[in-house]
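Trainee: The structure is given below, and queries will be raised subsequently.
The values are calculated or read from the model by the stated rules, or taken from the named source; none is laboratory data. Since the model is a prediction, treat every value here as computed from it, not as a measurement. Every residue, glycine among them, receives a Cβ derived from its backbone with ideal geometry; neighbour counts consider all protein chains shown.
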Amino acid sequence: MESYEFHPRLVHRTARVRLRVTRHQADRCFGLLRSAGDLWAWLLDTNRERLVQGAAPIVGYQALCRELTARGPAGELSVVGARSVLARYSDSWFAAAKRRRKGEPAGFPRRKRLLVPVRFHHQTFQLDGRRVRLPVARGRPALWVRTARPIPYPADRIRAVTLVADCGQLWLAVTAAVPIHHHDLDPRQVAGVDLGIIHPYAVVAEHAALLVSGRAIRAESFLHLRDQQARQAKTARRAPKPGQHGSRRWRRYRARLRRVEARHRRRVHQAHHQAASQVVAFAVRQRIGVLVIGDPTGITTHDAGRVHNRRLRQWRRTHLVQALSDKAEQAGIDVRRVDERGTSSTCPACRRRVPKPSGRRFRCLACTFQGHRDLVGAANIAATLGGGTTSATLPTLVEHRRAGIVPARRDRRRHLHDQRRRRSCPASGHPDGHKGSSGCHSPHATTDPASDEDQATRRNTANVA
Ligand SMILES: [Zn+2]
């Protein structure tokens, strides 16, 4: 810890903190975001007009600032807030230009938005514990807001805060410059990381291995999918026809849909972050200096069937890679990415190709090697950089960890889940389940005469099939 005085290498990390605001504060915050949206739209319109007249667009930050001064104030938005919108525009324009020069497809900013995030850099906002004062236009009353949880960075490390609206809720994205920790790591120790759906991370080092279970993430995704399907089935006929204006009720429904979607996304991302922290903690314990991540880029280029296509696209593998590399970098671990193709279907002992196992168990047909499929993948990934196990067997010491929170039994979406699947113990409060049963019983207990007739017959047919 104390060694960072000598290695003042910093990385920037951003955490999102929910804002707890009164209605009046919320109105003012949304006012700021709306003003930023107006400013954004004005930028787009200005440059479109210039394009029509054959003039070059104004994209440099300095030039935009001059234009802004000529335009005048933007609602309650302070000069700092307004300039952050200009910086956002300028940055995205130059980012698009850079990608275009490299021949990659990229579009210049052209979409108007109702709400645009406003960023306030260091020394323009004020922190007082959980309270934050956001700058507003001169002459307006001070705007103080409260964060729903403590800001996870020390106050002197915070560099910027960004006011964001996500599905009707206000958030503060807090960016801090945090020092890289210097753990006692061995740069010759290389570990491989295999990304997966069943196990978000499988890590193999020389002497030990780690498997992080993604059961909670899968349960959450499953319930979310069932919930959305049920919702769609019920509301599809009420949807406005193309060209028709949605009713107020429909708009409320859409807003609800987006909130549910956002909550699901947050839960999955949170679980990914937990899993990544566990991998980094394991790596620090094992003194691993280099983490090799098997990059699954291009996994969606071929058609894998209706169900599996959806599964792969909802896996959020980019977030998995990003969460792990961010945390590893902060812990001083070197992160490399390699192509993961074929790593889970190659025998680590005799290097022969094996048909991809359908279950979790990897069996080599040529030699007698057996092992966990995800750990085999991780061992092969480590071997691409000369790391991983030195012997022909996987490490016998395998740590198991879990990530995320399994949806609660009283989760409203559980009923849909129970309807679709034969459950030995339906969630409590189930419409045609066990009245008064709250806990989980043994399978024998479900055959009591009080159980629903329909349930019992369904169970029997399922047993036969
Ligand atoms: Zn083999």
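Trainee: Is there any pair with a first residue in the range 333-348 that is free of Cβ contacts under 8 Å to residues at least 60 places away in the same chain and within 19 Å of D186 (Cα to Cα) and a second that is of a type in the set (G, A, S) and more than 16 Å from the ligand (Cβ to nearest atom) whose Cβ atoms are under 6 Å apart and which are 6 or more apart or on different chains, and what are they?
Mentor: Qualifying pairs under 6 Å: V335/S325; V335/A328.
Trainee: Please enumerate the residues belonging to the range 116-155 that are free of Cβ contacts under 8 Å to residues at least 40 places away in the same chain and part of a loop (DSSP other than H, G, I, E, B).
Mentor: H122, Q123, F125, G129, R130, G139, P141, A142, P150, P154 - these are the residues of the range 116-155 that are free of Cβ contacts under 8 Å to residues at least 40 places away in the same chain and part of a loop (DSSP other than H, G, I, E, B).
Trainee: Turning to a different aspect of this structure: Looking only at the range 114-124, which residues are closer than 21 Å to D38 by Cβ and loosely packed, with under 14 Cβ neighbours inside 10 Å?
Mentor: So in the range 114-124, the residues closer than 21 Å to D38 by Cβ come out as 114-120, 124.
Selection gives L114 alone.
Trainee: Against the definition (surrounded by 14 or more Cβ atoms within 10 Å (Cβ to Cβ), over 30 Å from Q228 (Cα atoms), without any contact (Cβ under 8 Å) to a residue 12 or more places away in the chain and more than 28 Å from the chain's Cα centre (by Cα)), how does R363 come out, yes or no?
Mentor: Judged against the criteria, R363 is a match.
Trainee: Give me the residue from the range 333-357 that is more than 12 Å from the ligand (Cβ to nearest atom) and part of a loop (DSSP other than H, G, I, E, B) and, out of that set, modelled with the highest pLDDT.
Mentor: From the range 333-357, those more than 12 Å from the ligand (Cβ to nearest atom) are 333-344, 355-357; that's our starting set.
Add one more test, that the residue is part of a loop (DSSP other than H, G, I, E, B), and what stays is 333, 340-342, 355-357.
On the way: I333: 93, E340: 81, R341: 82, G342: 79, P355: 79, K356: 75, P357: 75.
For the range 333-357, the residue satisfying everything is I333.
Trainee: Also, I was wondering about something else. Determine, yes or no, whether V398 is within 16 Å of the ligand (Cβ to nearest atom), closer than 16 Å to L211 by Cα and in contact (Cβ under 8 Å) with a residue 24 or more places away in the chain.
Mentor: Values: within 16 Å of the ligand (Cβ to nearest atom): no; closer than 16 Å to L211 by Cα: yes; in contact (Cβ under 8 Å) with a residue 24 or more places away in the chain: yes.
So V398 fails the test.
Trainee: What number of residues within the range 366-385 are of a type outside the set (A, V, I, L, M) and under 26 Å from the mean Cα position of the chain (by Cα)? Let's see the steps before the verdict.
Mentor: In the first step, residues of the range 366-385 are kept if they are of a type outside the set (A, V, I, L, M); the result is 367-374, 377, 380, 384.
The next check asks that each one be under 26 Å from the mean Cα position of the chain (by Cα); those that pass are 373-374, 377.
Residues flagged as of a type outside the set (A, V, I, L, M) and under 26 Å from the mean Cα position of the chain (by Cα) within the range 366-385 amount to 3.
Trainee: Here's a follow-up. Could you go through the range 96-108 and let me know if any residue there is touching a Phe, Trp or Tyr at 6+ places or on another chain (Cβ under 8 Å) and not hydrophobic (A, V, I, L, M, F, W, C).
Mentor: no
Trainee: A further question follows. Scan the range 358-374 for residues that are within 16 Å of the ligand (Cβ to nearest atom), touching a helix residue (DSSP H, G or I) at 6+ places or on another chain (Cβ under 7 Å) and among the charged types (D, E, K, R) and jot them down.
Mentor: Hits for the range 358-374 are R361, R373.
Trainee: Another question about this same structure. Keeping to the range 285-306, report how many residues are under 17 Å from I217 (Cβ atoms) and either modelled with pLDDT of 90 or more or in a helix (DSSP H, G or I) (or both).
Mentor: 0
Trainee: Criterion first (at pLDDT below 90 and within 29 Å of L312 (Cα to Cα)) does A239 satisfy it?
Mentor: Criteria met by A239.
Trainee: Sort through A106, A70 and tell me the only one that's closer than 30 Å to S325 by Cβ, without any contact (Cβ under 8 Å) to a residue 24 or more places away in the chain and surrounded by fewer than 17 Cβ atoms within 10 Å (Cβ to Cβ).
Mentor: Just one listed residue meets the conditions, A106.
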